[in-house]
Amino acid sequence: MRKIKTAVPLTDLKKGSTGTVKEINAGWDRKRKLFTLGIFPGEQVTLVQKNPVLLLKLGYSFVAVDHSLGKTIKVIEI
Amino acid sequence: MQKEKTIFLVGRPNVGKSVIFNQISDSYAVVSNYPGTTVDISTGKFKYNKETFTVKDTPGAYSLTPFSEEEKVTVTLLKEKGAALVVQVVEAKNLDKMLSLTFQLMETGHPLILVVNMMDEAAKAGLVLDLKTLEEKLNIPVVGTAAARGTGINELKKVIGRELNAKKKDRKKSNSRSFTGELERQREAKKIAKEVMSSPKRAEVSFAYKLSFLTMHPLWGLFFLGLVLYYGLYKFVGVFGAGVLVDFIDGNLYQEMFMPLLTRLGQGITLPWLKQLLYADYGLFNLGLRYSMAVVLPIVTSFFLFFSLLEDSGYLPRLAMLLDKLFKTFGLNGRSVIPLILGLGCGTMAVMSTRTLETSRERFIAVLLLALGIPCSAQLGLILSILAGQPRALAVWGFSLVLILAAVGFLCNKILPGYHPEFYMEIPPLRLPHLTGLLKKTYARIKWYMKEVFPLFLLVSIIMWVGNMSGVLDRVILMLLPPLAAMGLPGELAPIFILGFFRRDYGAAGLYDLVKEGLLSGPQLVVASLTLSLFLPCIAQFIMVVKEQGPVRGALILVSVIFTAFGAGYMVNRVLTILPLL
Ligand SMILES: Nc1nc2c(ncn2[C@@H]2O[C@H](COP(=O)(O)OP(=O)(O)OP(=O)(O)O)[C@@H](O)[C@H]2O)c(=O)[nH]1
Ligand SMILES: [Mg+2]
């Protein structure tokens with residue numbers, strides 16, 4: 001039987017792992033910030049670095065977000 | 001008379017709009033490798049088949065529903081002014097993230113051209129883009145370019161010319177459709193991008209790619225920053241620019257060869273006032289001309305070169321990321337790193353670039369810190385060179401300056417209502433700076449420096465001369481003596497503080513002269529350098545502060561800067577008399 005994985009905050013992923021964005025738990029303002037960077041549901045993100053801020057790889061681009069913004073991104077690890 | 005046709009260059013930040021603007025127009029806009037370089041509209045002329053059109057380069061915008069001040073500039077412009085043609089620039093590799101804006105632009109109904117730039121980088125990443133299919137899907141003209149190398153520019157010019165002259169009915173009708181929201185637009189963008197992109201080849205892993213991770217590493221990144229500061233700022237700007245270069249140009253050329261010549265030429269002058277104006281200590285030749293050309297210019301030039309290298313390589317966003325946590329204790333976040341660092345180049349330009357910050361609270365704090373304690377290039381270079389021989393003095397100066405900036409930022413964060421918004425930033429790839437781009441930018445900045453400095457140097461010399469002749473100068477000097485004495489500084493420094501009000505670098509240049517004459521002790525040197533670093537922003541910067549922040553906040557900033565400067569001078573003097581640090 002396939003194990004169903006639950007969505008976790010991006011900050012809980014291990015460095016180097018990849019996840020699919022499930023949802024963004026934040027108000028419209030923060031959501032929009034993340035959208036403009038290309039982070040929205042269905043998108044795959046790789047957590048490249050965790051400190052001093054989160055560094056994400058999305059397709060061919062790199063994006064940095066701080067932990068408080070990163071917490072609002074819920075992902076399913078793959 | 002026919003209304004002049006205007007072409008707008010729009011797109012996300014850092015996709016190469018300004019490079020394209022520089023290639024197709026007769027004007028120059030600054031190009032750097034970080035998002036948010038252009039914060040105001042630049043205008044130029046585009047010539048095609050003897051016809052002339054206006055081109056406007058705009059600040060990068062993510063979407064047509066803006067959130068930062070500089071994005072608003074672009075969006076308002078698109079809404080208000082009727083554009084004859086909109087040219088959207090996108091980055092080839094990240095096409096999927098950029099087509100959403102294309103859909104929005106289509107909805108506005110302006111004629112639109114899509115430029116897929118940085119094709120060279122896409123190829124390096126092993127990507128192939130089918131632009132023909134993209135053109136069919138969107139039904140607007142699509143041009144592929146590698147603007148930084150000049151590839152595809154002629155083709156682009158042709159397409160722009162053709163579209164401008166096309167009759168309305170001959171134009172392709174863009175496949176505009178309305179979407180219910182950003183999410184849906186992004187989905188559609190992704191779908192189209194997938195259909196036109198393929199990656200048959202493997203990506204090259206370049207040296208820049210590996211270096212990139214080193215510069216962002218929490219530990220190695222700081223080590224790398226140390227190297228950049230030591231070799232770039234201290235060795236190149238401080239020791240070479242402000243030391244070797246100034247010694248040669250000011251010492252060997254100006255004072256030993258040029259000045260005697262001027263003096264000989266002036267022997268015929270009998271009018272005493274004219275002789276005063278030209279040859280007095282603060283006259284045109286000894287002060288204005290010499291400071292701006294022989295002392296400050298070489299420093300500014302070497303600084304701008306070093307700085308352009310930082311900007312064009314893409315190092316600054318990485319620094320922003322590293323310093324985010326620190327900046328949050330000042331009520332700012334990593335995004336403020338770039339405006340504050342720009343302040344090391346020129347405070348006036350930096351104040352303008354605070355527009356890239358989100359809240360008015362952040363903008364106020366950033367402008368205050370810029371006015372207070374971010375020394376501009378010329379001042380910094382001179383101080384580095386003055387203190388270069390005395391590492392301990394340099395350390396005390398640097399430490400106090402950073403401490404004061406941090407304390408002020410910390411207080412602001414505690415006192416001012418509001419919060420600091422979250423940090424988010426795109427990190428562009430590290431790019432090898434192009435020599436021509438580097439030189440062009442440095443040249444543009446030097447030209448700009450000259451334009452600002454020349455009228456001012458005349459003015460300052462004349463004001464000092466009038467002040468001297470009328471006795472006002474003496475009275476102001478008398479007024480400055482008590483605060484100077486409180487800081488343990490000799491009265492000779494009074495005129496230097498007056499100069500410092502006109503331009504930060506003149507104040508530093510005056511200090512440089514006093515030091516050469518050996519008039520200051522170690523502690524005095526530190527106190528004077530520190531007070532001058534903190535002292536008033538120059539006139540040009542202050543005008544910009546008022547423009548961006550309004551007169552009330554402007555005045556508030558001015559008053560707090562004066563008090564902090566003298567207060568800090570006083571404190572450091574006390575500390576240095578108690579502790580034998582020097
Ligand atoms: N490799 C490569 N680099 C490019 C190309 N076009 C531009 N660049 C680089 O991309 C960076 C950004 O260029 P700009 O012209 O400043 O970008 P912009 O769109 O004006 O950016 P903002 O003013 O911040 O909105 C610079 O470092 C350029 O040298 C290209 O075709 N190929
Ligand atoms: Mg630009």
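The values are calculated or read from the model by the stated rules, or taken from the named source; none is laboratory data. Computed from a prediction, not measured in an experiment: that's the story for all the values here. Cβ coordinates were reconstructed from backbone atoms using ideal geometry, including for glycine residues, and neighbour counts include every protein chain displayed. In case anyone asks, the SASA skips ligands and DNA or RNA and just uses the protein heavy atoms, side chains included. Shrake-Rupley method; radii C 1.70, N 1.55, O 1.52, S 1.80 Å.
Key figures for this structure:
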item: HN-Hα J in Hz across the range B:27-33 - Karplus 6.51, -1.76, 1.60, θ = phi - 60°, x for Gly and Pro; result: 10, 10, 10, 5, 10, 9, 8
item: Among the listed pairs A:LYS14/B:LYS201; B:LYS325/B:LYS414; A:LYS22/A:LYS57; B:LYS137/B:LYS190, those beyond 20 Å (Cα-Cα); result: A:LYS14/B:LYS201
item: Cα centroid separation, the range B:241-258 to the range B:83-130 (Å); result: 51 Å
item: Interface A:B - total buried accessible surface [probe 1.4 Å, Å², rounded to 100]; result: 2900 Å²
item: Cα extents of the range B:1-101 along the three principal axes, largest first (Å); result: 39, 26, 23
item: Carbon + sulfur, % of accessible area of the range A:8-77 - ligands and nucleic acids excluded, 1.4 Å; result: 49 percent
item: Shielded by partner chains, the range A:26-41 residues - at least 50 Å² of accessible area, 1.4 Å probe, vs chain alone; result: A:ARG32, A:LYS33, A:PHE35, A:THR36, A:LEU37, A:PHE40
item: Accessible surface, per residue, of the protein assembly as shown when the full set of protein chains is kept, probe 1.4 Å, Å²; result: 44 Å²
item: B:LEU326-B:ALA406 pseudo-label distance in nm [points 7 Å out on the Cα-to-Cβ vector]; result: 0.8 nm
item: Cα convex hull of the range B:433-582, projected area averaged across orientations, nm²; result: 11.9 nm²
item: Calculated P(r) tail over 18 Å for the range B:505-582, as whole % of Cα pairs; result: 51 percent
item: Of the DSSP H helices in chain B, those whose Cα atoms cover at least 30 Å axially and whose Kyte score averages 1.0 or more; result: B:391-415, B:551-578
item: For the range B:409-428, residues shielded by at least 40 square angstrom of accessible area compared with the chain on its own, probe 1.4 Å; result: B:GLU422, B:PHE423, B:TYR424, B:ILE427
item: Amide hydrogen neighbours beyond the local backbone of B:LYS45, cut-off 5 Å, H modeled; result: B:ASP26, B:SER27, B:VAL55
item: Scaled radius of gyration (Cα, divided by 2.2 N^0.38 Å) that chain B gives; result: 1.08
item: Alpha-carbon Debye profile of the protein assembly as shown, log10 I(q)/I(0) at 0.08 Å⁻¹; result: -0.66
item: Longest to shortest principal axis, alpha-carbon extents of the range B:239-362, angstrom; result: 63, 30, 21
item: Kirkwood Rh and Cα Rg combined as Rg over Rh, evaluated for the range B:6-198; result: 0.93
item: B:GLU195/B:LYS167 FRET efficiency (R0 41 Å; Cβ-Cβ; nearest 0.05); result: 0.85
item: The range B:6-198, accessible surface, carbon-and-sulfur percent (1.4 angstrom probe); result: 49 percent
item: Nonlocal amide H pairs with B:LEU85, under 5 Å, H built at 1.01 Å; result: B:THR6, B:PHE8
item: Positive-pole candidate from B:ALA92, B:PHE423, B:PRO375, dipole of the protein assembly as shown, charges at beta carbon; result: B:ALA92
item: Cα centroid separation, the range B:488-504 to the range B:331-387 (Å); result: 23 Å
item: Integer Hz, Karplus 6.51/-1.76/1.60 couplings in order for the range B:43-58, x for Gly and Pro; result: 10, x, 10, 10, 9, 8, 6, 6, 8, 10, 10, 9, 10, 10, 8, 10
item: Exposure ranking of B:HIS434, B:HIS217, B:HIS110 by accessible area [1.4 Å probe, largest first]; result: B:HIS434, B:HIS217, B:HIS110
item: Residues losing 20 Å² or more accessible surface upon assembly, the range B:77-110, compared with the chain by itself, 1.4 Å; result: B:LYS93, B:ASN94, B:LYS97
item: Estimated distance in nm for a label pair at B:LEU309 and B:ALA203, the labels positioned 7 Å out from Cα along Cα-to-Cβ; result: 2.8 nm
item: Euclidean distance between Cα centres, the range A:1-75 to the range B:444-465, Å; result: 51 Å
item: Test item: Cα-centred dipole of the range B:18-100, Lys/Arg +1 and Asp/Glu -1 on Cβ, debye; result: 260 debye
item: Derived scalar couplings ³J(HN,Hα) [the range A:40-56; Karplus, 6.51 cos²θ - 1.76 cosθ + 1.60; whole Hz; x for Gly, Pro]; result: 8, x, x, 7, 9, 10, 10, 8, 7, 8, 10, 9, x, 10, 7, 10, 10
item: Spin-label zone in the range B:93-117 - amide nitrogen under 18 Å from a point set 7 Å from the Cα of B:GLU135 along the C-beta vector; result: B:111-117
item: Sequence-distant residues sharing a close amide H with A:VAL75 (under 5 Å, placed H); result: A:VAL8, A:LEU10, A:LYS22
item: Size descriptor, Kirkwood hydrodynamic radius, that averages inverse alpha-carbon separations across the range B:367-427, Å; result: 13.9 Å
item: More than 15 angstrom apart: percent of Cα pairs within the range A:8-77; result: 42 percent
